[in-house]
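Asker: Shown below is the structure under consideration.
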Amino acid sequence: MLSEYAVEPAAIGADWRTFKDLIDRFGADKGRLISRLPAKWEKKVIQAAKEAGVPDVRMSSIIERLSHSKHKVVDFNRDYDHEADWIGNALREHGTRPFKAIICGAGKAASAEAMEPDDCSDAHPLFRATTSCDVTRTADEIADALHTLTAVSKEVDIVDPYFDLRPARGNYLATLVSLLARLAGEPGQTKAIRIHFRDHDTRPSAEILARDGSTQVTGLLPPGYRIELYAWSEKQGGEDFHDRYVLTDLGGIMIGAGLSADGPEESAAFTLLNFEHAQGLRRRFSDGSTIYARVGSAVRIRDDGSTELF
């Protein structure tokens, strides 16, 4: 559901209106992310604006907007050769791992996927984005739909009131295993995957969950990853705990029928969430939440199979 774009700093930074219009079209909620190419992409945009003579008042606005666009400009682990120009780097990387499009100045990139800033509208096939779709409820299809967002995010919260690693309670484990297999191929990533579910008197204790969960995921967690399992209860007269999400520091996806891989005959609606909305939902499942109450100890499972209750 998310596409990666290479955006030339000079093409977006040299004109205030171009910058303002283009930066607002990106973000996980829009289905488009800007590749951090190079690592100091924002500084390159500011430099381009200065060299183009953008007035000070507009410069201040560009700097401020960039500071609030951390969820739009994302590190996809791209290589960058500082001895080559930006276009050369973009084309090389595109040949290795294609972008959805390369947005650059007129005539700069000899590629069918090159487009100019003025062409960036929803009507253009290279810029068209899907923000809601039906996903077949197989482990691989669900994992594919979640892969990009979870791979580039630093923090991941999986929210499903019915999430359960026990086979008799739904095929959630298959989805988790398939997603972890995809994340294992992403270099240099370390993160906690926090799983939040609703407490119930039939749920196993935290000690049993730690024991069985460790057995089920040992050898599957990429180096530096850990899984954390949290039980929550509804508060009297408060919010119902029903909706399912995958929420991250970059945004989130609302998932209609849940994350259990129930078979190719069924589908679940996946809808990208507004960034601020996603962050508000994450706070419902964080320390100090006033919406739901944490129940008992949480379980942490590390990549070496060791566990901790906390």
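Asker: Considering GLU93, GLU116, which residue is touching a strand residue (DSSP E or B) at 6+ places or on another chain (Cβ under 9 Å), open to solvent by 40 Å² or more (accessible area, probe 1.4 Å) and more than 18 Å from ILE255 (Cα to Cα)?
Answerer: Numbers: GLU93 fails: open to solvent by 40 Å² or more (accessible area, probe 1.4 Å).
Within the list GLU93, GLU116, the selection yields GLU116.
Asker: Being within 24 Å of THR148 (Cα to Cα) and crowded, with 19+ Cβ neighbours inside 10 Å is the filter here, so list the residues in region 200-219 that pass it.
Answerer: Scanning region 200-219 gives a single hit, VAL217.
Asker: Moving to a separate point now. For region 236-250, which positions are touching a strand residue (DSSP E or B) at 6+ places or on another chain (Cβ under 6 Å) and not aromatic (Phe, Trp, Tyr)? Explain how you work it out, then say what you get.
Answerer: First pass over region 236-250, keeping only residues touching a strand residue (DSSP E or B) at 6+ places or on another chain (Cβ under 6 Å): 241, 244-248.
Within region 236-250, ARG244, VAL246, LEU247, THR248 qualify.
Asker: Looking at region 233-243, is at least one residue closer than 13 Å to ALA28 by Cα and open to solvent by less than 50 Å² (accessible area, probe 1.4 Å)?
Answerer: At the first step, the residues of region 233-243 found to be closer than 13 Å to ALA28 by Cα are none.
No: region 233-243 contains no residue that is closer than 13 Å to ALA28 by Cα and open to solvent by less than 50 Å² (accessible area, probe 1.4 Å).
Asker: Hey, another quick one. Of all residues being acidic (Asp, Glu) and outside any helix (DSSP H, G or I) in region 1-53, which is surrounded by the fewest Cβ atoms within 10 Å (Cβ to Cβ)? Just the residue, please.
Answerer: Residues of region 1-53 that are acidic (Asp, Glu), as a first pass: 4, 8, 15, 21, 24, 29, 42, 51.
Going one step further and asking which of them are outside any helix (DSSP H, G or I), we end up with 4, 8, 15, 24.
Numbers: GLU4: 19, GLU8: 26, ASP15: 17, ASP24: 12.
Here the answer is ASP24.
Asker: Being farther than 30 Å from PRO9 by Cβ, open to solvent by less than 20 Å² (accessible area, probe 1.4 Å) and not in a helix (DSSP H, G or I) is the requirement here; does PHE197 meet it?
Answerer: Answer is yes for this residue.
Asker: Restricted to region 42-69, and to residues that are β-branched (Val, Ile, Thr) and in contact (Cβ under 8 Å) with a residue 24 or more places away in the chain, which residue is farthest from LYS30 (Cα to Cα)?
Answerer: Within region 42-69, the match that is farthest from LYS30 (Cα to Cα) is VAL54.
Asker: Is there a residue in region 157-167 that is outside any strand (DSSP E or B), at negative phi and of a type in the set (Phe, Trp, Tyr)? So that I can check it myself, show each step before the final result.
Answerer: We begin by selecting, within region 157-167, every residue outside any strand (DSSP E or B); these are 160-167.
Add one more test, that the residue is at negative phi, and what stays is 160-167.
Imposing the further condition that a residue be of a type in the set (Phe, Trp, Tyr) reduces the set to 162-163.
Yes, region 157-167 contains a residue that is outside any strand (DSSP E or B), at negative phi and of a type in the set (Phe, Trp, Tyr).
Asker: Oh, and also: Against the condition aliphatic (A, V, I, L, M), surrounded by 12 or more Cβ atoms within 10 Å (Cβ to Cβ) and at pLDDT below 95, how does ALA129 come out, does it pass?
Answerer: When the stated conditions are applied, ALA129 does not pass them.
Asker: Those residues that are open to solvent by 30 Å² or more (accessible area, probe 1.4 Å) and outside any loop (DSSP other than H, G, I, E, B), I need them from region 245-278; list them, please.
Answerer: MET254, PRO264, GLU265, GLU266, SER267, ALA269, THR271, PHE275, GLU276, HIS277
Asker: Name every residue in region 132-155 that is under 16 Å from LEU247 (Cβ atoms), in contact with a Ser or Thr (Cβ under 7 Å, 6 or more places away or on another chain) and surrounded by fewer than 18 Cβ atoms within 10 Å (Cβ to Cβ), in order of residue number.
Answerer: Of everything in region 132-155, just one residue is under 16 Å from LEU247 (Cβ atoms), in contact with a Ser or Thr (Cβ under 7 Å, 6 or more places away or on another chain) and surrounded by fewer than 18 Cβ atoms within 10 Å (Cβ to Cβ), namely GLU155.
Asker: Among the aliphatic types (A, V, I, L, M), touching a residue at least 60 places away in the same chain (Cβ under 8 Å) and either under 25 Å from ALA28 (Cα atoms) or in contact with a helix residue (DSSP H, G or I) (Cβ under 8 Å, 6 or more places away or on another chain) (or both), is that true of ILE255?
Answerer: Here the answer is yes, as ILE255 does meet what is asked.
Asker: Can you work out which of the residues in region 279-309 that are among the aliphatic types (A, V, I, L, M) and in contact with a helix residue (DSSP H, G or I) (Cβ under 7 Å, 6 or more places away or on another chain) is surrounded by the fewest Cβ atoms within 10 Å (Cβ to Cβ)? Walk me through how you get there before you give the answer.
Answerer: Within region 279-309, the subset among the aliphatic types (A, V, I, L, M) is 281, 291, 293, 295, 298-299, 301, 309.
The next check asks that each one be in contact with a helix residue (DSSP H, G or I) (Cβ under 7 Å, 6 or more places away or on another chain); those that pass are 299, 301, 309.
On the way: VAL299: 25, ILE301: 24, LEU309: 13.
Among residues in region 279-309 that are among the aliphatic types (A, V, I, L, M) and in contact with a helix residue (DSSP H, G or I) (Cβ under 7 Å, 6 or more places away or on another chain), the one surrounded by the fewest Cβ atoms within 10 Å (Cβ to Cβ) is LEU309.
Asker: Does ILE87 satisfy the criteria of being of a type in the set (Val, Ile, Thr) and in a helix (DSSP H, G or I)?
Answerer: yes
Asker: Looking at region 212-239, which of its residues are among the charged types (D, E, K, R) and within 17 Å of LEU176 (Cβ to Cβ)?
Answerer: ASP212, ARG226, GLU228
Asker: A further question on this structure: Report, ordered by the first and then the second residue, all pairs with beta carbons closer than 7 Å, sequence separation of six or more or different chains, a first member in region 211-228 that is in a strand (DSSP E or B), and a second member that is among the basic types (Lys, Arg) and open to solvent by 30 Å² or more (accessible area, probe 1.4 Å).
Answerer: As it stands, the answer is ARG226/ARG300; ARG226/ARG302; GLU228/ARG194; GLU228/ARG300, since those pairs meet every condition given.
The values are calculated or read from the model by the stated rules, or taken from the named source; none is laboratory data. Every value quoted in this text rests on a predicted model; they were computed, and no experiment measured them. Here the Cβ is made from the backbone with ideal geometry for all residues, glycine too, and neighbour counts use every protein chain on show. Ligands, DNA and RNA are excluded from the accessible area calculation, which covers all protein heavy atoms including side chains. Shrake-Rupley method; radii C 1.70, N 1.55, O 1.52, S 1.80 Å.
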